[in-house]
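Please read the structure below before turning to the comments.
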Amino acid sequence: MRFPIQKSDAEWQAQLADMGAEPGAFQVTRQAATERPFTGKYARHWADGSYHCICCGNKLFDADTKFDAHCGWPSFSLAVPGAITEITDRSHGMTRVETVCSQCGAHLGHVFDDGPAPTGLRYCMNSASLNFKAT
Ligand SMILES: [Zn+2]
């Protein structure tokens with residue numbers, strides 16, 4: 001899959017380091033790693049604002065769609081339309097729906113269908129993939 005924003009691994013690594021991103025940000029966003037639960041900086045973060053792709057700044061979620069799923073990762077019930085691309089993920093012996101940034105292909109996490117009404121969706125994200133901006 002091709003995304004509008006293309007950079008080499010070295011370029012992403014340098015950019016994320018320059019931004020002061022979390023140490024695992026490169027492994028999570030470019031190699032689809034998963035941060036350990038309850039370790040990410042946004043797992044218990046409830047300020048007003050919005051969450052953007054750490055790699056390219058694409059706006060992904062409004063803070064008012066964030067909810068506490070008690071899973072240890074930041075969870076959202078609704079994504080900004082068009083911001084996220086879904087990919088079927090059959091790794092680890094499961095079939096899940098991987099979510100990536102529609103602009104740069106950064107791995108964000110997975111989306112599940114056990115979220116709260118009205119969407120019924122639970123976007124289970126890695127904090128390391130996100131950059132919060134206060135309003
Ligand atoms: Zn992105």
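What to note about this one:
- From its DSSP helices (H runs of at least four residues, each -39,500 (n - 2.57)), the chain gives a residue-normalised ellipticity at 222 nm of -4000 deg cm²/dmol.
- When the convex hull of its Cα atoms is projected in every direction, mean area for segment 1-81 (nm²): 6.0
- Cross-link partners of Lys41 among lysines (Cα-Cα below 25 Å; sequence separation of 8 or more within a chain): Lys59, Lys66, Lys133
- Per the Cα gyration tensor, the chain maps to an equivalent ellipsoid with semi-axes of 21, 17, 14 Å, ordered largest to smallest.
- Note on the chain: with charges restricted to the Cβ of Lys and Arg (+1) and Asp and Glu (-1), its dipole about the Cα centre is near 120 debye.
No value in this document is a laboratory result; all are computed from the given coordinates. All values reported here derive from a predicted model rather than from experimental measurement. Every residue, glycine as well, gets a Cβ built from its backbone with ideal geometry; the counts of neighbours run over all protein chains shown.
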